[in-house]
Each structure stands twice: as structure tokens, then as C-alpha cells.
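Quick notes on the structure that follows.
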Amino acid sequence: MTTSIGFIGLGTMGYAMAANLLRKGFDVTVYNRTAVKAEQLRELGAAVAATPAEAARGRSIVITMVSNDDSIRDVYDGESGIFSAVSEGTVIIDCSTISPDLARRLADDAAERGAVFLDAPVTGSKPAAEAGMLVFMVGGSAETALAVEPVLLAMGRKVIPMGPSGSGAVAKLAHNTVVGINTAALMEGFAIAAKGGIDGSSFLELIQSGGAASKAAELKGSKLLGQDYSVQFALELMLKDLRLSSVLSDKLGVPTPLLEAAKSLYQVGDAAGHGQLDLSAVAKVYEQWIGRAIGETE
């Protein structure tokens, strides 16, 4: 049977993911709340749906990639939602970063309809999505995850089963806690160096050559020195993820002092109007505090 895919949510990540599926020859129907994004994919061969239900109806696989829990509820529930249209045997894959409780609820609701739900968030920001180098962390049936692996690998480079439903969501929140803290730590180190008169390029070379080397330095270092805050992953979305992680850690009884400190920093950045810039724009908070641009020399 031909794999037919409904893809819902064409933001920074979703657009690139759907485009890769189309380039790999999959039959894809897309839906996006802002229709112009969907129309752009028509040129690559996508069919365009008017509602999430239309995108899901008759599809063997439905993939969602939206921004938060509320958006997920909008596309899954209601008369024009996914659950009004899925058939028995449909595999639903949510790649969004959402709360584990919601992921488990969606799995239960899918099962009631004879469908199978996988929570499969991704790691890798915009460049990885465009290059088809995402990593999927999958909660739910390992057998189903294996069956849809060719579809996931058309958008990424690795699929890692994490456990039962909700496990992908838990893993993603734990992962993004590390990403948020690492990025904040990088900006704080740069602020110390800048205030102390160290050339930013020299400091980045040091970071990348020593024990402080990280993916954050690789992805954000040169952009930071160039004052380039174009979005790879938005600050407001990182803040959303850290808030979800904070709620989860409270439920689990895990003390998270670094998470709370990082969350507060991103809150300051968001309140200062930087939410729709890249998460590395937390550097602007430090620049205000130290009274100079990071990377600037005396």
C-alpha cells in the first residue's frame, strides 16, 4: 500500500520536514493555519487541505508539528480536527514539544478510534530540519515506530525509541532543559569575557578548543559575534519548553535549580521583546547588563 501522509503545521520546522517528505517522493497533503505556507509547498507537489480533518482523512500516516499544547488541542479535537477523520489503523505521529500528560491523552483517544499515536518530538533546529538531519525520540509502540521509520528517516538521521506513550515528550523536555541551560551558560561566559576585554573571536576559538566545547557554541557562537539572531529555534519556544519541564520536574519531585535559573533568564529576554528572535538572543540581556555588545573589544 502506498504511504499517504497528512502533514499539519508548517512553521519553522514543519515546513522543512514536509518539504523533505515531498522531495523523497511521498504523497503528502498539508494543512497550515496560515494558508500561504501550505501554498508554497504545492509547488513541490503537495495537496493542500482546508482543515486538519481534510488533511488526515484517508491518510495512512498523519504527522503534526505545532507550537504548544493549545495548538495541539485545536488540530486534534473538534469537528474539523484530526480525530474526526482518522480511520482504524492510521498512525498519528506528533513531533511537537508538548506535555507528557497531553501526549498520553492523545494516545488513549487515538486507541479508542483504532488508530495508533506516537509522541515523536525532534532534536535539531532549523538547519537540521532543512538538511533532513533531525533525531526523533519516540514514545509509544516500538513495533509501530519501526514500521514508520522509513518516513521518519526521510526527515531525519536517527530514530530512538524511548518507552511507552509520553516517553518521547519526557525525553524532549529533559533534552531541551540541557539545551536551554547550555545556551545560557555560553552567553554568560561570553559576557564575562567581553566585559574583561577579551576579543570575542578569540574567546570562541578557546571555547571550541577546550572543555567548554558544545553544540551551543557550534551553532550559536559565530552568529552571536555577528549579532545574527535569525531564528533557528525561537526564544519564546525555549521558554515554553522550560516552563513545561519545570511543571514536569515538580510532578516528578526532581530539584532543578539550574532549570529555574535558565527559565528566569529566558523570561527576562521574552519580557524585553526578544521572544521571536533566536534563543541566543538571551545575549541581549547580558549586553544590557554589561553595557556593551558581546564580541566588542575595547
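Scanning segment 11-31 for residues that are over 13 Å from Glu43 (Cα atoms) and of a type in the set (Val, Ile, Thr) returns a single hit, Thr12. Only one of the numbered conditions (1) surrounded by fewer than 24 Cβ atoms within 10 Å (Cβ to Cβ); (2) free of Cβ contacts under 8 Å to residues at least 60 places away in the same chain is violated by Leu106, and that is (1).
Of the residues making up segment 128-141, those that are surrounded by 20 or more Cβ atoms within 10 Å (Cβ to Cβ) and under 13 Å from the mean Cα position of the chain (by Cα) are Ala128, Ala129, Leu134, Phe136, Met137. Considering Gly114, Gly58, Gly25, Gly89, the condition of being without any contact (Cβ under 8 Å) to a residue 12 or more places away in the chain, of a type outside the set (D, E, K, R) and either part of a loop (DSSP other than H, G, I, E, B) or crowded, with 23+ Cβ neighbours inside 10 Å (or both) is satisfied by Gly25 alone. Checking segment 160-181 against the condition returns a match, with at least one residue being free of Cβ contacts under 8 Å to residues at least 40 places away in the same chain, surrounded by fewer than 14 Cβ atoms within 10 Å (Cβ to Cβ) and assigned to a strand (DSSP E or B). Checked against the criterion of being of a type in the set (D, E, K, R) and buried (at least 17 other Cβ atoms within 10 Å of the Cβ), segment 67-86 contains one or more residues that satisfy it. Could you tell me whether any residue of segment 204-220 is in contact with a Phe, Trp or Tyr (Cβ under 7 Å, 6 or more places away or on another chain) and surrounded by 22 or more Cβ atoms within 10 Å (Cβ to Cβ)? Within segment 204-220 (the criterion being in contact with a Phe, Trp or Tyr (Cβ under 7 Å, 6 or more places away or on another chain) and surrounded by 22 or more Cβ atoms within 10 Å (Cβ to Cβ)), the answer is no, since none of the residues qualifies.
Against the list (1) surrounded by fewer than 17 Cβ atoms within 10 Å (Cβ to Cβ); (2) within 25 Å of Gly156 (Cα to Cα); (3) modelled with pLDDT under 95, the condition Ala47 fails is (3).
In contact (Cβ under 8 Å) with a residue 60 or more places away in the chain, surrounded by 14 or more Cβ atoms within 10 Å (Cβ to Cβ) and at positive phi, is that true of Gln232?
Details: in contact (Cβ under 8 Å) with a residue 60 or more places away in the chain: yes; surrounded by 14 or more Cβ atoms within 10 Å (Cβ to Cβ): yes; at positive phi: no.
Judged against the criteria, Gln232 is not a match.
Listed by first and then second residue, the pairs linking a residue in segment 119-136 that is farther than 26 Å from Leu102 by Cα and in a helix (DSSP H, G or I) to a residue that is at pLDDT below 95 and open to solvent by 20 Å² or more (accessible area, probe 1.4 Å), with Cβ atoms under 7 Å apart and 6 or more places separating them unless they lie on different chains, are Pro127/Gln232. The residue that is nearest to Lys37 (Cα to Cα), counting only those in segment 61-86 that are part of a helix (DSSP H, G or I) and among the hydroxyl-bearing types (Ser, Thr, Tyr), is Ser71. Per the listing Lys284, Lys263, the residue uniquely open to solvent by 60 Å² or more (accessible area, probe 1.4 Å) and either assigned to a loop (DSSP other than H, G, I, E, B) or modelled with pLDDT of 95 or more (or both) is Lys284.
Considering Lys240, Lys251, which residue is over 20 Å from the mean Cα position of the chain (by Cα) and either of a type in the set (Lys, Arg) or modelled with pLDDT under 95 (or both)? Spell out the reasoning first.
On the way: Lys240 fails: over 20 Å from the mean Cα position of the chain (by Cα).
Selected residue: Lys251, the only one of Lys240, Lys251 that is over 20 Å from the mean Cα position of the chain (by Cα) and either of a type in the set (Lys, Arg) or modelled with pLDDT under 95 (or both).
Val75 meets the conditions (1) closer than 21 Å to Leu146 by Cα; (2) under 18 Å from the mean Cα position of the chain (by Cα) in every case but one. The failed one is (1). Given the structure, is Thr144 in contact with a Leu (Cβ under 8 Å, 6 or more places away or on another chain), outside any strand (DSSP E or B) and open to solvent by 20 Å² or more (accessible area, probe 1.4 Å)? Here the answer is yes, as Thr144 does meet what is asked.
For segment 36-55, a residue qualifies if it is outside any loop (DSSP other than H, G, I, E, B) and over 21 Å from the mean Cα position of the chain (by Cα), and the qualifying residues are Val36, Glu39, Gln40, Arg42, Ala47, Val48, Ala53, Glu54, Ala55. Ala213 falls short on exactly one of the conditions (1) within 24 Å of Gly166 (Cα to Cα); (2) part of a loop (DSSP other than H, G, I, E, B), and that condition is (1).
The values are calculated or read from the model by the stated rules, or taken from the named source; none is laboratory data. All values reported here derive from a predicted model rather than from experimental measurement. Counting neighbours? That spans all protein chains shown, and the Cβs are built from the backbone with ideal geometry, glycine included. For the accessible areas, the whole protein counts, side chains as well, though only heavy atoms, and no ligand, DNA or RNA atoms are used. Shrake-Rupley method; radii C 1.70, N 1.55, O 1.52, S 1.80 Å.
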